[in-house]
Each structure stands twice: as C-alpha cells, then as structure tokens.
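Trainee: Sending over a structure as structure tokens; questions will come in a sec.
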C-alpha cells in the first residue's frame, strides 16, 4: 500500500498558502501538507517529515529558493523541488532549473489551477526516475559482479567495460585506456580476430564466438573466449562482448592433447611390435604347419579317404587362419609403407577394402612423386584413410568412395568422400562424446598430432566429405 503524498510548502503569505492547500487537497484529498515560513526551518525537520515534494516561494526571508536548491543538493537529498515566484524573472528560472528544480511556476491568474497538474507530473517523473535508478542499480550490481568481462566497442573504441574486464587484462578500472580490443590482441591472432569482427558485422544480430590470445598489462599471454553480438549503443552500431579467461582451460587441453598424442605414438609402437611378433613367430608357425599338413597329403597316398578329407579340411582352416592373421598384422602395421611408400600402400589399402566389402573405392594422387615425409606422418596419414574407410563401412552404407591425396611444397590435402546416407555433423559429434565413440575423435587427434586441420561436411542423403590439410613437416 502506497504512503499518502507528503508535501512541504515554504510560503510566508498565509492567504496564498491557504489557496494552495485548497487546490492540492482537492486533487489529492489524502495528501499530508506541512507548512514552513522559512526554508531553514523546513531543512531542520526534513528528516522527520520526509516529504515527497517541496514547494517553495523564491523570495523568502533568510534563504531564497536558489539557496534552498543549493542546500538540498549539498545534503544529497533526492526530493523534487518546485519553485514558485510572483516576479517571474527568466534568469531566476534558468538558475533554478540548472540547480535541479523539477518545475518553475509563476503566480499568475491560473496558478492554482496549474499547481495540481504540475505536482502530478512531478510525481510521475519521480516514480519513473526511481524505477530507472533501481533498474540501473540492479544492472550495475549484475555487471560489476559478473564473472565474465563485459565490454562495448564502437568504431574501434572501447566505450564501456566492467571491473572483470579490466581484471582479465591486468588493469585497474581507471587505468584501461586502450582504444580498441585489437590493440592488445596477440600479434599472431590479429588476422583471425579481424575475420571474426567482420563475421560479427555481416551476421547482424547473430552471436559469434571466438577464442584468441591477448597480452595483459603485466606482459602475460592469456587465452580468452569472446561471445559477441551486434547492438545499438547511443543510436549507432556497436559490439557487446562477453569475455572469459580460458587460459587454464587451454593449458589443461594442451596437456591432455600432449598425453593423447603420446598415447597415439605409444599405440603405434605397440602395434608395430605386435605385428612383427605375429609375422615372425605365430604366422611363420602356422605357415610351417600348413606346409607339413599339405606334405602329408602329398606324401601319404595310402591315407584312408576320411583321413585325407579331414586333413584337407584342416589345411583349409589353417589357410584361413594364415590369411586372417596376415590381414590382422597388416592392419596393425602396414609393412608396405617402408617397402613401397605411402602412395602405393594407400592404393593397396583402398583396393583391399573394395574387395573385402564390395564397395567401389577409387584412389588418386597428385604431386606426390617427390614427397618426402617422416615415418610418423606416413603412418598417421595411412591411419586417417584406414579409419575413414572403417567409418564408411560401419555407418555410411555407401556404394562409392573417392579418396585423393594432393601435395604441394607446403601441405598435403587428403580428401575422403562417399555417397552414403550422411549425417548431421553437430549431432554426431555430441553423440560420439556421449556414447564414447572414437572414430571421428581419433581422426581429429591424429590430424592435430600432425599440426593440421580437418573439416567435415555431411548432409542426410547426400554423403560425407572429409577434407584434411597437413603441413609438410607438420
């Protein structure tokens, strides 16, 4: 329930006061009116009566209306003051309004008619001002205590920022004087951030996100994640930026990535060891056993038919085991890489996959004649093709697969494309995390190990395309 309107009137003419009270109570019948013959007395009791509005005649003994406004301002009182006068000097009105008077009325013939409407207007303006101040205080409370840095940039100038933004950059609030965010972006990231800002402009009001590095006030290199959206600031386009310090997260990711890369290397070493052991021991033993079984059939013609048939079946089983074991050893570590090189080994891999699965696979290469890369790059490029084909076999339901490898002096571009059923890339990536699938994630880690990048394009019913770029020497 709202408190009744409380008005303090400073007026030394009793007749005039009586008419004012009558006009006010007619419009605000529950109003509480306090009368003072001088401003000083009013100020002495102002904390007790707590008026919502002060109405003061300009010409008063001891302290005039201007003096009253100065005293109200000096004490920090948030009380609307309406100045009235019988003289109506324009210079007085200007001074009063500059000092914060909410209105200025001349004691004219229609003064008592106008006064209630002026009071009502002042009440509405005060309520609006209070609501705005409350909203601003809430906004300021949220912004000043936000865990993210918040910044508005307009025409390459920082227009606003909160304390967390200054803290991230290593400055105190009053110390941040840099004109633009680009001024403190790490040099190697400037072009990428510039592209990001262009995207922000071209995408309109769609939020865009970018991770980049900055150099803080004390010279530290920090990683930031910025989520920005285009807004209007003062009637002109600007960017609203929400920045988070992700330095520790990036360090953790780097440690995890380093461990993952080492795990991949260890896995390849272990695969090579197992493949060599299978080839040099188990496979050789099976081959020897197969030869002895076949020699038994060849040398012992008097064997009963049933024994011969049984022996022949055992020989066939041994051959199947030898073939399966040889394929397993080859999948574990393709010995052809050292003997024939990467291109020929990939061509054989595609041919074998086509024969095993009935899928038409074509492999083309260009610019690879003089290609010289290390064994780690070779085995990982081979694994990318191998894993790509395995994913196609398991999920794509494709009839045709095209694989190409193009090399120039700077990079290798590997493309794996199928005409299968396709998928939604974002959904698949989320599902692979939830279901702990390693196909695409493993490929991404191998590309990262080579210092490259991978782009996946896939649409339902239109197949999938993997574009992998690896720097020479990466």
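Every read-out reported here was derived from the displayed coordinates using simple, explicitly stated rules and does not represent laboratory data. Keep in mind that what you see is a predicted model, and the values were worked out from it rather than measured. Cβ coordinates were reconstructed from backbone atoms using ideal geometry, including for glycine residues, and neighbour counts include every protein chain displayed.
Trainee: By count of other Cβ within 10 Å, fewest leading, how are 441, 356 ordered?
Mentor: Details: 441 14, 356 11.
With the fewest neighbours first, 441, 356 line up as 356, 441.
Trainee: Take residue 348 and residue 427, extend 7 Å from each Cα along the Cα→Cβ direction, and tell me the distance between the two endpoints in nm.
Mentor: With each label placed 7 Å out from Cα toward Cβ, I get 4.0 nm.
Trainee: I'd like to know how the chain sits against the 2.2 N^0.38 Å rule of thumb: what's its Cα Rg over that expected value?
Mentor: Details: Rg = 41.9 Å, N = 474, 2.2 N^0.38 = 22.9 Å.
Dividing the Cα radius of gyration by 2.2 N^0.38 Å gives 1.83.
Trainee: A follow-up question, please. On C-alpha positions alone, give me the angle between the axis of helix 247-277 and the longest principal axis of the chain, in degrees, nearest 10.
Mentor: Relative to the chain, helix 247-277 is tipped by roughly 10 degrees.
Trainee: Label points 7 Å out from Cα along the Cβ direction at residue 112 and residue 355: separation in nm?
Mentor: 11.5
Trainee: Still on this model: Report, as a whole number in µm² per second, the diffusion coefficient that Stokes-Einstein gives for the range 338-474 at 37 °C and 0.692 mPa s using the Kirkwood radius over alpha carbon pairs.
Mentor: Estimated via Stokes-Einstein, D reaches 216 µm²/s.
Trainee: Same structure again: Relative to the longest principal Cα axis of the chain, at what angle does helix 375-391 sit, 0 to 90 degrees, rounded to 10?
Mentor: Here the helix axis deviates by roughly 80 degrees.
Trainee: Let me ask you something else. Please arrange 47, 419, 103 by how many other C-beta atoms lie within 10 Å of their C-beta, fewest to most.
Mentor: Exposure proxy ranking, most exposed first: 47, 419, 103.
Trainee: Related question: For the range 211-236 and the range 446-470, what is the separation of their Cα centres, given in Å?
Mentor: Using only Cα atoms to place each centre, the spacing works out to 30 Å.
Trainee: Ok, one more. So for the range 58-172, Kirkwood radius off the Cα pairs, Stokes-Einstein at 20 °C and 1.002 mPa s: how many µm² s⁻¹?
Mentor: The diffusion coefficient I find is 121 µm²/s.
Trainee: Moving on. Suppose only helical runs count, i.e. DSSP H with n ≥ 4. What mean residue ellipticity at 222 nm does that imply for the chain under -39500 (n - 2.57) per run, divided by all residues and rounded to the nearest 500 deg cm²/dmol?
Mentor: -16000 deg cm²/dmol
Trainee: Could you list 6, 349 in order of exposure, starting from the residue whose Cβ has the fewest other Cβ atoms within 10 Å?
Mentor: Taking fewest neighbouring Cβ atoms as first place, the list is 6, 349.
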